[in-house]
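This report refers to the structure that appears directly beneath it.
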Amino acid sequence: MSDRHVVGALFALGAWAGALPAQTDPALLARRDALRARADSLTSRLASLDAIARDSALTVTMRVGVFAVRTTPALQEIARAAFTQADAEARRALGTFADSLGGHLTLTLREQHRAWRASWTPLVGVRRVAEKDHIVSVSLEATLDGRDVPGVLVDYPLARGELATNTLAVVERAVGFNLAAPIEPWLNHRLPLRAASDGWSASLYRTLATSDAAVVRHCVAGDSVACRVGFALDSLPRDRVSAWYDASDLPTLARTAGDPMQRGWMLQAISNDLQEACVGQRQVEACRQMLARLPDEAFRIPMPGAARESLARLALEIGGAGAVSRLRQGGAPSIGAQLAAAAGVSTDELLRRWMARVAAARPASPLPNASFVLASLACIAVCYGWAAKGKPWN
Amino acid sequence: MFRAILYTQWKWARPVLLLAMLVAGYIPVDALRAAPYKSVDTYHIPSLYLGITSASVYYQLLALGVAVVVAISTWQADGQRRHVYALSLPVPRWRFVLLRFGAGAALLGTVAVAVGLFGALAAALAPLPPMLHAYPIGLAVRFWLGALVPFALIFALLSSDPRRVRLLVAAVVTVIVVDLLLASLGTTEKPLILGWVLDGLYSGRGPLAAFLSKWMLVDV
Amino acid sequence: MSDAISLKHVAYRPAREFAIRDLNMTVPAGAIYGFLGPNGSGKTTTIKLILGMQEADDGTIDVLGHTIPQGAPQALARIGYVPEKVHLYASLTVGEMMDHHRAFFPTWDAARAGELRRQFGLRTEQKIDRLSKGESGKLMMLLALATQPELLVLDEPTDGLDPVVRRDVLSALVEYVSARNATVLVSSHLVHEQERICDWVGVMDDGALIAELPMHAFRSGIKRLRVSGAPPVLPAPPFMMLGRTATAGAEEEWGVRGWQPEMAAWIAAQGAVLREVIDLDLEESFVELLRTARSGGVA
């Protein structure tokens, strides 16, 4: 009988035992506890055996730039190519800090197998069909000084560029997980390394300009004080609602504030009439009263994560080679000071440049672009050609 | 000559075009209703933006609907008389088709102009905050081009040799059936050709790409 | 240019069960050409080929010096066409239809159009889908005549019209033709009507032109002979034998074309007796031709 079967039997037994009426026989209770302990130990043993079995396929160990890599023979070539590309991009972004990663960051590229495939049938839909064992995806895992960093799954067959991009994403998390407080949670435990595309920047501009928070909108409109407050660069304001929102924002804020999982609990203390007056009838005073009864934690920094990332990325760009190292040094009194240290310029200068960059990313006029116009005209021309040759009277 | 053709097509499609213009006037009013017509400071920008984003779909539906009706009405009268009158006119067929197509495009243009004018009017009445701007011309151009593509497709189908259309439909049905059969035999995870066709039509460069993007009267 | 319309070896198969085969047809310039034939004989199809509305599979078509279908637009600019069925846009008014038509014909004579409209009793604000059959016929004739065409192609222009309207339409046509010396191709199965106005006749049956000749030749050239005592086998006659039918006793009736009185001597030489020479009117001649053609005789 395999360990797996033993564990299953013990779980079943445990479940049955739990369903029995309360026992008082000490011998029986001792026997039950022993069985539970055995089940627990077997579960962890099974996990470790699984890990050993999975790792046994990782016979290739190599060093690519700053990365120590473990992978399978089948993935060796593509891994080398993709990690070389990722290493070059990471060096560009991290500067001299990249070298300090060497020897600390280990990447594991592991095959994920499947012995079935999905088959699509009309009316029935997708069903599983048994098939020869094959690779369906590849998991990219990382550890930094032995600490696990969240990994990613990449579709197989692999494309070098896609794997390199995913590698950078993992590196962003690896570096972001080891930043000094208070900037680590401010950056959502991720240090952005990749340059933003024009589309991403335009999307960020749109998000900021139509934000739920007045302070963010004012920031994009050119108010640097609003930016400083919206980013919470110095400290979190004492009265977050007044500092970040204006009257017109309050009904929506009252509807959305707080962690969705905890909203029910938070709103228990607030009368239904007050909630209705605020959310339903949009009475600003009712909203003020309602929001005043919510804890401060219900109001998070209004500047979205993407904006914070973009500010941090700008700081790294301005700061150059040693920027990441400076950012990782703790001791700064505020987020603004920490970013300014990384950038090597004042917080005001950093904000000024960031605002200029955001303003430049404002989407162009929504006039259709040339490729759309050409595609439309081509389609129209083909249709006209078809129509001109037609003989509908036949 | 073009004026004569335009007049007939206007007469045939007039009720729908007038209705479309009315709808074109109503959509921005409905979208900007979130904005009180008093001052910039008192309304909620995200709600306003959401309303305008939702209106994008109504503009697209309007463009599609009016394009279909104009295309059908363009050929209906000729089709009823088996094109005898059109064929007795002293103009080459390609030119007659061009005149009909041009007139249809012009009529769609009138609705696009209405979209632009009403959009500009509504945006002028609802004072926009500094972060938001009205783009009635961009919207009108997008509306016109967006409507022209389905108009051209239906126009081409309706002015085709019925045998050709039957052949085309038969080919499409055959491809779909073969595609579904192959998929059901387990060769593919999902219908391949249909997937390609839909991807092609709706990709960024496909002829229906216009319907993927947002048609915003007001944007940042 | 001596021929307004010329078709040479034209072949066209619009459907599996019907075909036009080796059609040769000539409409002389200035002629009023009656295009006769029973329903379904191919008259309308031939007219559509002439106007370039259908494309022949083989052969050549020339109309007013233009090769059809390539030169159809140029030819159509000089042609007035009245089709068999109403082909106008139903939702337009009479005035709108006239304006629409004028836009395509630089030769449009507005004054003449107005005159004809009054003459036909049509009002500009009348909607076309509310016009009676007679009024629609008049409007189509108006549109055809107001473009001052050199060639009028009329497909059953008076079919289904009451006698008063028919007279109005025909008199307008005759008046125009006499004033402009235009060529007319008029298709009809109303033989008597053709007899009154046509100077050339073409007879079509089952996709083939079985006769084409001047009206006077058609009218006087076809006779029915009552003959008795003729031998079963005859040598080649000096006239064209269209048909030979046994009647009562030893008598026979012969349908002949190209008859001259002196040919009676040839009959006598065969030992037969010519009892009677019967003159046929146009309709009887037409029927005789069709009967001969359908029985496989030479028309």
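The values are calculated or read from the model by the stated rules, or taken from the named source; none is laboratory data. The shown structure was predicted, so the numbers you read here are calculated from the model rather than taken from an experiment. Cβ sites come from the backbone with ideal geometry, for glycine too, and all protein chains shown count toward neighbours.
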Exactly one of (1) closer than 26 Å to B:Ala114 by Cβ; (2) at pLDDT 75 or above; (3) surrounded by 19 or more Cβ atoms within 10 Å (Cβ to Cβ) is unmet by B:Ser159. Its number?
(1)
From (1) in a loop (DSSP other than H, G, I, E, B); (2) touching a residue at least 40 places away in the same chain (Cβ under 8 Å); (3) crowded, with 19+ Cβ neighbours inside 10 Å, pick out the condition that doesn't hold for A:Gly331.
(3)
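For A:Thr84, state whether it is in a helix (DSSP H, G or I), hydroxyl-bearing (Ser, Thr, Tyr), surrounded by 11 or more Cβ atoms within 10 Å (Cβ to Cβ) and touching a strand residue (DSSP E or B) at 6+ places or on another chain (Cβ under 6 Å). Explain how you work it out, then say what you get.
Working: in a helix (DSSP H, G or I): yes; hydroxyl-bearing (Ser, Thr, Tyr): yes; surrounded by 11 or more Cβ atoms within 10 Å (Cβ to Cβ): yes; touching a strand residue (DSSP E or B) at 6+ places or on another chain (Cβ under 6 Å): yes.
Yes: the conditions hold for A:Thr84.
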Which one of C:Met25, C:Met1 is at pLDDT below 90 and in contact with a Gly (Cβ under 7 Å, 6 or more places away or on another chain)?
C:Met1
When you go through (1) out of contact with any helix residue (DSSP H, G or I) (no Cβ under 6 Å at 6 or more places or on another chain); (2) at pLDDT below 75; (3) part of a helix (DSSP H, G or I) one by one for B:Ala210, which number turns out not to apply?
(1)
Are any of the residues in the stretch A:243-255 surrounded by fewer than 18 Cβ atoms within 10 Å (Cβ to Cβ), assigned by TED's automatic domain parsing to the domain that holds A:Pro333, free of Cβ contacts under 8 Å to residues at least 24 places away in the same chain and under 31 Å from the mean Cα position of the chain (by Cα)?
no
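Could you tell me how many of the residues in the stretch A:364-394 are more than 7 Å from every other protein chain (Cβ to nearest Cβ) and either in a helix (DSSP H, G or I) or farther than 30 Å from A:Ala307 by Cα (or both)?
Applying the first criterion (more than 7 Å from every other protein chain (Cβ to nearest Cβ)) to the stretch A:364-394 yields A:364, A:369-370, A:374, A:377-378, A:381-382, A:385, A:389.
From what's left, either in a helix (DSSP H, G or I) or farther than 30 Å from A:Ala307 by Cα (or both): A:370, A:374, A:377-378, A:381-382, A:385, A:389.
Count: 8.
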Confirm whether A:Glu297 is more than 17 Å from A:Asp246 (Cα to Cα), assigned to a helix (DSSP H, G or I) and outside the structural domain of A:Glu172 (by TED's automatic domain parsing).
yes
In the stretch B:85-118, how many residues are within 15 Å of C:His100 (Cα to Cα) and of a type in the set (A, V, I, L, M)?
6
Which pairs turn up if I take residues in the stretch A:148-168 that are in the same structural domain as A:Ala82 (by TED's automatic domain parsing) and look for partners that are assigned to a loop (DSSP other than H, G, I, E, B) and not polar (S, T, N, Q) with beta carbon separation below 7 Å, at least 6 apart in sequence or on another chain?
A:Val149/A:Phe177; A:Leu168/A:Leu193; A:Leu168/A:Arg194
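Residues that are in contact (Cβ under 8 Å) with a residue 40 or more places away in the chain and more than 9 Å from chain B (Cβ to nearest Cβ): list the helices (runs of 4 or more DSSP H) wholly contained in the stretch C:61-169 that include at least 1 such residues. It would help to see each step written out before you state the result.
On the way: elements: C:72-76, C:94-104, C:110-120, C:133-146.
Output list reads C:94-104, C:110-120, C:133-146.
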For residues that are in a loop (DSSP other than H, G, I, E, B) and in contact (Cβ under 8 Å) with a residue 40 or more places away in the chain, scanning just the stretch A:334-363, find the one that is surrounded by the most Cβ atoms within 10 Å (Cβ to Cβ).
A:Ala361
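Does A:Leu75 fit the bill of being under 16 Å from A:Leu140 (Cα atoms) and part of a helix (DSSP H, G or I)?
Details: under 16 Å from A:Leu140 (Cα atoms): yes; part of a helix (DSSP H, G or I): yes.
Yes; evaluated as a whole, the condition is true for this residue.
Taking the residues in the stretch B:80-135 that are polar (S, T, N, Q) and within 14 Å of chain C (Cβ to nearest Cβ) as candidates, determine which candidate is nearest to the chain's Cα centre (by Cα).
B:Gln80
Just wondering, is there one or more residues in the stretch B:8-23 that are in contact with an Asp or Glu (Cβ under 6 Å, 6 or more places away or on another chain) and either within 14 Å of chain C (Cβ to nearest Cβ) or without any contact (Cβ under 8 Å) to a residue 24 or more places away in the chain (or both)?
First, pick out the residues of the stretch B:8-23 that are in contact with an Asp or Glu (Cβ under 6 Å, 6 or more places away or on another chain): none.
No.
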Considering residues that are without any contact (Cβ under 8 Å) to a residue 12 or more places away in the chain, over 23 Å from B:Leu99 (Cα atoms) and more than 7 Å from chain A (Cβ to nearest Cβ), the number found within the stretch B:143-177 is 10
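So, of the residues in the stretch B:52-63 that are within 14 Å of chain A (Cβ to nearest Cβ) and buried (at least 18 other Cβ atoms within 10 Å of the Cβ), which turns out to be modelled with the lowest pLDDT? Show your work before the answer.
We begin by selecting, within the stretch B:52-63, every residue within 14 Å of chain A (Cβ to nearest Cβ); these are B:52-56, B:59-60, B:63.
Keeping just the survivors that are buried (at least 18 other Cβ atoms within 10 Å of the Cβ) gives B:52, B:55-56, B:59-60, B:63.
Working: B:Ile52: 86, B:Ala55: 89, B:Ser56: 90, B:Tyr59: 94, B:Gln60: 93, B:Ala63: 95.
Across the stretch B:52-63, the extreme among qualifying residues is B:Ile52.
Taking A:Leu316, is it under 23 Å from the mean Cα position of the chain (by Cα) and not in a loop (DSSP other than H, G, I, E, B)? Outline the logic, then answer.
Values: under 23 Å from the mean Cα position of the chain (by Cα): yes; not in a loop (DSSP other than H, G, I, E, B): yes.
Answer is yes for this residue.
Listed here are the residues, each with its yes/no results for (1) closer than 16 Å to C:Glu288 by Cβ; (2) in contact with a strand residue (DSSP E or B) (Cβ under 9 Å, 6 or more places away or on another chain).
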| site | (1), (2) |
| --- | --- |
| C:Pro214 | no, yes |
| C:Ile222 | yes, yes |
| C:Arg226 | yes, yes |
| C:Gly229 | no, yes |
| C:Ala236 | no, no |
| C:Gly243 | yes, yes |
| C:Val256 | yes, yes |
| C:Trp259 | yes, yes |
Among what's in the stretch A:227-239 and is within 17 Å of A:Ser334 (Cβ to Cβ) and without any contact (Cβ under 8 Å) to a residue 40 or more places away in the chain, pick the residue that is nearest to the other protein chains (Cβ to nearest Cβ).
A:Val229
Looking at (1) in contact with a helix residue (DSSP H, G or I) (Cβ under 7 Å, 6 or more places away or on another chain); (2) over 30 Å from B:Gly51 (Cβ atoms); (3) basic (Lys, Arg); (4) modelled with pLDDT of 85 or more, can you tell me which one B:Lys190 breaks?
(4)
Go through the residues of the stretch A:265-272 one by one and say whether even a single one is aromatic (Phe, Trp, Tyr) and in a helix (DSSP H, G or I).
yes
A careful count of residues in the stretch C:159-172 that are touching a helix residue (DSSP H, G or I) at 6+ places or on another chain (Cβ under 7 Å) and at negative phi gives 7
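Check every one of the helices (runs of 4 or more DSSP H) wholly within the stretch A:126-221 and list those with 1 or more residues that are loosely packed, with under 15 Cβ neighbours inside 10 Å.
Numbers: elements: A:160-176, A:183-186, A:198-209, A:214-220.
Qualifying helices (runs of 4 or more DSSP H): A:160-176, A:183-186, A:198-209.
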Kindly check whether there is at least one residue in the stretch B:110-119 that is in contact (Cβ under 8 Å) with a residue 24 or more places away in the chain, among the aliphatic types (A, V, I, L, M), surrounded by fewer than 21 Cβ atoms within 10 Å (Cβ to Cβ) and under 30 Å from C:Ala75 (Cβ atoms).
no
